[in-house]
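Structure record follows, encoded as structure tokens.
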Amino acid sequence: MPRLTLSLLFTLLLLAQLAAQQSDVVSQLPYARSIIDTLASPSMHGRGYVNKGDKIAANWISNEFKKFGLLSFNKSGSYEQPFSFPVNTFPGKVEMTFIWKDGRRETSDPGEHFIVRSSSPSVKGNFKVVRFDSSVVKTEAGIKAFLAQNLKKVFVLVDTTGVREKAKRDLLVNFVRFPRNVKGILIPVQLNVMHEHEGDNCTKLNPWDFSQTQSLVPVIEIESAWKTVSEIDIIVGAKFIRNYTSQNVIGYIRGSQQPDSFLVFTAHYDHLGQMGQRVYFPGANDNASGVAMLMCLAKHYSNPANRPKCSVVFIAFGAEEVGLIGSAWFCRNPLFPLNSIKFLINMDIIGTGDEGITVVNATLFDEDFKLMQKLNAQRSYLPLIKPRGKAAISDHFYFTERDVPCFYIYTMGGIRAYHDTCDRRETLPLTEFDDLFLLLVDFASVLDAA
């Protein structure tokens, strides 16, 4: 895409003003809320790979595309682009009961007071807990005596608290990283309380993720208050799938004058799925919010009055959380030439905005970033548009690697929930959703006219 020249900027800004005037009459929030409520609901199973949550979500998005009359790049008329990958899942029971020396027992579900690391295998039974902590590593004799034990039938609780000597701390860390001859590992971590000032006492451990491999030893993170347990009853039902098939969902609107040039909006729809049969990760901000913006833009441009000169493509990527797999697959197997993309905007985690937005790739595409800043200042949309350089943190990355001009936008401020059960629809504020929508429409109008 030829970079915008300053001599054209003023005229193009006026065009953007006109586009904004017809866009800012109606709030996008009712439709956006309905999308987030649907995608973050239990019926979507966390949009992962237990109970085919990703396929349920992809089918729902396809139906919305169909309602808007979006075109398909496939001769079959399907909006889906399938691809496959390995993934470790937890479709069975995931439960743990903590038992103390005095006989006290406490049972909890995952996600709230304990979490199974994503590469863990299945495990079931009652197991003694032994400690590998500051009291053990205090002396070399203590370390040797501990490692000389038969640990094949016990869970080792590895606690680095109070261990200041680097070599000894590394010993504990590496014991977790490369476990040998143990039944399993427990790691105590500090519990955080989310949104407490809003009356929402959702608790979280460390962020969860996906693994494309399955290890030999289960690793369980537990609330640090429970690190004095003597034994555990545990059930973890894991299933490693060597060739899981997911899909991207892709539709477009044909441009009125330049149908072979494309503006592209993207957002990943997948999330972390379920951990066991009862606990799921809603993924309201990450990334039902991005899909909501994608669908609001699709609805906007599907209105004949808003039909652009260029074609506009809407891509809902799958398997972003597994490692940007859906977008990598698309870039290797594009449904239209990548060099025909005038600009791509990827939207991920956009449900807040109290402190504005960050634009990744801003330093790579400086003129486009300055244009976005000028549009924002002109209409007073967002409190701040912060530049950031190149980063391989979302689905824009593989497009960047193929010289496609693109931004990745995420909001700043507000709730802190991320990759946990606290990322819920009920507490997602959508603070600057409407203003960001208008800014994107203005920005796209300028690019469409260039």
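The values are calculated or read from the model by the stated rules, or taken from the named source; none is laboratory data. Please read these numbers as outputs of a predicted model, since none were measured by experiment. Cβ sites come from the backbone with ideal geometry, for glycine too, and all protein chains shown count toward neighbours.
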Considering only region 422-450, how many residues are among the polar types (S, T, N, Q) and within 16 Å of residue 289 (Cα to Cα)?
2
Scan region 285-296 and tell me whether some residue there is crowded, with 24+ Cβ neighbours inside 10 Å, outside any helix (DSSP H, G or I) and at pLDDT 95 or above.
no
Quickly run through region 348-366 and pick out the residues that are surrounded by fewer than 24 Cβ atoms within 10 Å (Cβ to Cβ), among the small types (Gly, Ala, Ser) and in contact with a helix residue (DSSP H, G or I) (Cβ under 8 Å, 6 or more places away or on another chain).
362
Only one of 433, 437, 369 is surrounded by fewer than 23 Cβ atoms within 10 Å (Cβ to Cβ) and aromatic (Phe, Trp, Tyr). Can you tell me which?
369
Which pairs do you get when a residue that is more than 17 Å from residue 419 (Cα to Cα) and among the basic types (Lys, Arg), found in region 108-133, comes within reach of a residue that is surrounded by fewer than 16 Cβ atoms within 10 Å (Cβ to Cβ) and at pLDDT 95 or above, reach meaning Cβ atoms under 7 angstrom, with the pair 6+ apart or on two chains?
124/235
Boolean, residue 433 is of a type in the set (A, V, I, L, M, F, W, C), assigned by TED's automatic domain parsing to the domain that holds residue 330 and either free of Cβ contacts under 8 Å to residues at least 12 places away in the same chain or out of contact with any helix residue (DSSP H, G or I) (no Cβ under 8 Å at 6 or more places or on another chain) (or both):
no
Residue tally, condition more than 30 Å from residue 314 (Cβ to Cβ) and either of a type in the set (Asp, Glu) or part of a loop (DSSP other than H, G, I, E, B) (or both), over region 69-117:
16
Can you tell me which residues in region 181-223 are charged (D, E, K, R), at pLDDT below 90 and assigned to a strand (DSSP E or B)?
204
In region 379-396, which residues are assigned to a loop (DSSP other than H, G, I, E, B) and out of contact with any His (no Cβ under 7 Å at 6 or more places or on another chain)?
380, 381, 382, 383, 384, 389, 390, 391, 392, 393, 394, 396
